[in-house]
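Derivation of every value follows stated rules applied to the coordinates shown; laboratory data play no part. Model, not experiment: these values are computed from the prediction. Backbone-built Cβ (ideal geometry, glycine too); neighbour counts: all protein chains shown.
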Amino acid sequence: MQLARVTGTLVASVKADGLEGVKLLIVQPLDRHQRPEGSPVVAADGVHMAGPGELVYVVGAREASQALPNTFVPVDHAIVGIVDAVEELRSAARAEDRP
Amino acid sequence: MKIGRVVGTVVSTICSPVFEGRRLLLCDVLDSSGKPDGSYLICVDTVGSGAGEAVLILDEGNSARQVVGMSPAPIRAVVVGVVDQLTVDGELVL
């Protein structure tokens, strides 16, 4: 799973079977310092509550469809949680600084 | 499986049911020399690992669902072990 920022919404009236009623959002993947990394992707909203501007975490590949009510659908990224806080651990930072 | 280092935690109230009551760890992925390779994963903790520890990460859906005992579940990365020692080419890396 990776961090991402929701940057927009997408509406498609013609979709593959099983995707009716699935909310689609544009998300920008982030690195662990929450800086944009790579290209934006379209992700299905597995929590039904995410919206533009929110920090979320997304799951990729086959597991994405398992976030939706119908699990046999063509989806490759899904939002599976809204992030309240990311806490970087101090001792971990020190360990990282070690040569 | 991958080797990672726990560098943080992610707190999330609104999430898929599979993550409820589980600790989410922010882990840097390490290369074979024990240094961060630049990528990271948000993993579900199943072993009680802590800050700064080197851990064994499973990044595959079917096995992850088996570990958490829930299916279907949109889960992929799971911490399944704490690395005590890593030796590569006869050299102690971790």
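Residue by residue, here is whether (1) crowded, with 16+ Cβ neighbours inside 10 Å; (2) more than 17 Å from A:Val56 (Cα to Cα); (3) not hydroxyl-bearing (Ser, Thr, Tyr) holds:
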residue: B:Glu20; (1), (2), (3): no, no, yes
residue: B:Leu26; (1), (2), (3): yes, no, yes
residue: B:Asp37; (1), (2), (3): no, yes, yes
residue: B:Asp45; (1), (2), (3): yes, yes, yes
residue: B:Gly48; (1), (2), (3): no, yes, yes
residue: B:Ala54; (1), (2), (3): yes, yes, yes
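Of all the residues in region B:28-77, those that are touching a strand residue (DSSP E or B) at 6+ places or on another chain (Cβ under 8 Å) and within 18 Å of B:Cys15 (Cβ to Cβ) number 13.
Among the residues that make up region A:21-39, is at least one of them in contact with a helix residue (DSSP H, G or I) (Cβ under 6 Å, 6 or more places away or on another chain), of a type outside the set (Lys, Arg) and either within 27 Å of B:Gly50 (Cα to Cα) or surrounded by fewer than 18 Cβ atoms within 10 Å (Cβ to Cβ) (or both)? Before the answer, list the steps.
Start the filter on region A:21-39 by keeping residues that are in contact with a helix residue (DSSP H, G or I) (Cβ under 6 Å, 6 or more places away or on another chain), which leaves none.
No - not one qualifying residue is present in region A:21-39.
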